[in-house]
Amino acid sequence: MIWNEHAECMPKEDLEALQLRRLQELVIRVYHNVPFYRNKLQAIGYEPGDITSLKDIEKLPFTTKQDLRDNYPFDMFAVPMSEVVRVHASSGTTGKPTVVGYSRRDLDIWAEVTARCLYMANTDRKAMIQIAYGYGLFTGGLGLHYGAEKVGASVIPMSGGNTEKQLMLMEDFGTTTLACTPSYALHLIESLEKSGRDRSNFKLKYGIFGAEPWSERMRKQIEDRWGIKAYDIYGLSEIMGPGVACDCDVRNGLHINEDHFYAETINPDTGASLPIGEKGELVFTTLTKEAFPLIRYRTRDITTLHDEPCACGRTTVRMEKITGRSDDMIIVRGVNVFPTQVESVLLEFGETAPHYQLIVEREGTMDKLTIEVEMSPALFSDTVTELSHLERRIYHRIDSVLGISADIRLVEPFSIPRSEGKSKRVIDKRSL
Amino acid sequence: MIKQISLFLENKKGRLAHVCRAMGEEGINIRALSIADTTDFGVLRLIVDDPQKAEAQLKARGFSVTITDVVGIKVADRPGGLAEALDFLDDADVSVEYMYAFLGKCGDQAMVILRLNDTAKGLTVLTNSGIEIMEEAEAYNF
């Protein structure tokens, strides 16, 4: 099933012509409306109108997460607030979230691209879709929601958590498509098996999973245990939210909705553009976004792009499943966690931050984050009551600043391995 | 005032032996000790014959170490002997954060180490109540 054949199966030359026109308009728009971009473009002696081919995008400056932080909350917006009809936010590195905004047209386009993804995942007007992504500031819930309404599916806006009720509604309402994080999909099937419910009473056929990295192995596990087909949906709030890309039945990479999101890969160390087919950091330019347009935004996600035609008939460029990140960020239970966030929390407990390490494991089907904190003179007390209290205080601060519960473990000084004087901040033991 | 060495230990195999071996290598004699622990970590408290040297040596080996003032008392080695001493502290609103005993005994007296929330006041209370206080030298090198 293809939602928008015109856009998704467009001949390459037509698509490129469309992208070029949209890129030219975008650069003019941000030059006039976003001081941040005007300064950046002027600094490199660039003027709107200088872009005559898609290749010229390589001359444009990158936008980074730090730029978004520096312009918190609304300075990157390209329209007056009266034109902004919604904001979302994702957790940032300093305790301040990254804020994104949408105009009415942005929301329409978001629903459009998500609708395309849902069609890839065989979800149409006949479907009963249960959305178990969080609703709220997180883009997952509402993003899928409007796409699902657009394709005419019956939507159960269940939001995240409450596993028992999720299962009850799935069974009673006859849910056919499940949208959530892959780890939660596994958690649900585990809970179903434990609860003594009969899988044959469930009508679930498809799952559209994303918001955290997962492997083909995990996909197979979900498909085998649930007896469904699982699709990988990709997105990030800075670019739009879910709906940036999704894989089709061919499973030959995720189709990027590139008439709206122009994708490149670069060498993360030098910033040099890489030819298609070479592994690098994924960079996006939002070709049509009005409220919060971004030029060459560095996602830090590592992937490879492919543009050979796909057997499904779509002509859009495909990205391989995300295999890693070019920075230390980890995604735990759908929440972005940066080691520097942990560091700033630990700084509250002493003049210098102690050495620490983040360890992510998958326990059963759920991600578990442990933060090991080395004992230091500033933290040490000779009563265990005080030390246990310290653990609890760190736990609560991490919970409120990062929005995630982590096990805090106090460890002996110098027990965290150091390499070249700097300790390795993240150990990811999840076998994805 | 008796100087007690406290150090942070993870509940891992061999850590306690490591500390004791270090003390042995430096010729430091352990006079009394106690461990308070949770599932993951513990605090080892030591009375040794040379607290300054012990602190320096343990720090050099990478441990988190602090020195804490504690009070040593001698109480009658008979049922109720310790209770009497503690009653005096209770009455004066001085609380015991933790305590442990010296091994061995001295005549008909037992020796106990107390960590108090108000050391100075506790000392006065105990002295005025006729409880015998251990001298520093006595604790380090009994």
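The values are calculated or read from the model by the stated rules, or taken from the named source; none is laboratory data. Please read all numbers here as calculations on a predicted model, not as lab measurements. Neighbour counts run over all protein chains shown; Cβ positions are idealised from the backbone, glycine included.
Here are the numbers for this structure:
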| read-out | value |
| --- | --- |
| Qualifying position, being acidic (Asp, Glu) and at negative phi, among B:Asp77, B:Asp93 | B:Asp77 |
| Residue match in region A:45-68 (condition: surrounded by fewer than 22 Cβ atoms within 10 Å (Cβ to Cβ), basic (Lys, Arg) and closer than 30 Å to A:Lys229 by Cα) | no |
| Close pairs from region B:15-34: first free of Cβ contacts under 8 Å to residues at least 24 places away in the same chain, partner outside any loop (DSSP other than H, G, I, E, B), Cβ under 6 Å, at least 6 apart | B:Arg15/B:Leu9; B:Ile30/B:Met23; B:Ile30/B:Leu46; B:Ile30/B:Val48 |
| Answer residue from region B:18-36, given it is within 14 Å of chain A (Cβ to nearest Cβ) and in a helix (DSSP H, G or I) and is farthest from B:Gly72 (Cα to Cα) among those | B:His18 |
| Selection within region A:42-72 - touching a Gly at 6+ places or on another chain (Cβ under 9 Å) and in a loop (DSSP other than H, G, I, E, B) | A:Phe62, A:Tyr72 |
| Members of region B:49-69 that are in a loop (DSSP other than H, G, I, E, B) and in contact with a helix residue (DSSP H, G or I) (Cβ under 8 Å, 6 or more places away or on another chain) | B:Asp49, B:Asp50, B:Arg61, B:Phe63 |
| Single unsatisfied condition, A:Thr370 versus (1) within 11 Å of another protein chain (Cβ to nearest Cβ); (2) more than 26 Å from A:Ala211 (Cβ to Cβ); (3) in contact with a strand residue (DSSP E or B) (Cβ under 6 Å, 6 or more places away or on another chain) | (2) |
| Residues of region B:37-75 classified as surrounded by fewer than 16 Cβ atoms within 10 Å (Cβ to Cβ) and away from chain A (no Cβ under 12 Å), total | 3 |
| Of all residues in region B:104-124 being surrounded by 13 or more Cβ atoms within 10 Å (Cβ to Cβ) and in contact with an Asp or Glu (Cβ under 8 Å, 6 or more places away or on another chain), the one that is farthest from B:Val70 (Cα to Cα) | B:Gln109 |
| Strands (runs of 3 or more DSSP E) lying entirely in region A:265-334 (those with 2 or more residues that are modelled with pLDDT of 95 or more, β-branched (Val, Ile, Thr) and in the same structural domain as A:Met76 (by TED's automatic domain parsing)) | A:280-286 |
| Meets criteria (in contact (Cβ under 8 Å) with a residue 40 or more places away in the chain, among the hydrophobic types (A, V, I, L, M, F, W, C) and within 14 Å of chain A (Cβ to nearest Cβ)) for B:Leu123 | no |
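So that you can scan it fast, the table gives a plain yes or no per residue for (1) without any contact (Cβ under 8 Å) to a residue 24 or more places away in the chain; (2) of a type in the set (Phe, Trp, Tyr); (3) surrounded by fewer than 24 Cβ atoms within 10 Å (Cβ to Cβ):
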| position | (1), (2), (3) |
| --- | --- |
| A:Asp108 | yes, no, yes |
| A:Cys117 | no, no, no |
| A:Ala121 | no, no, no |
| A:Arg125 | no, no, yes |
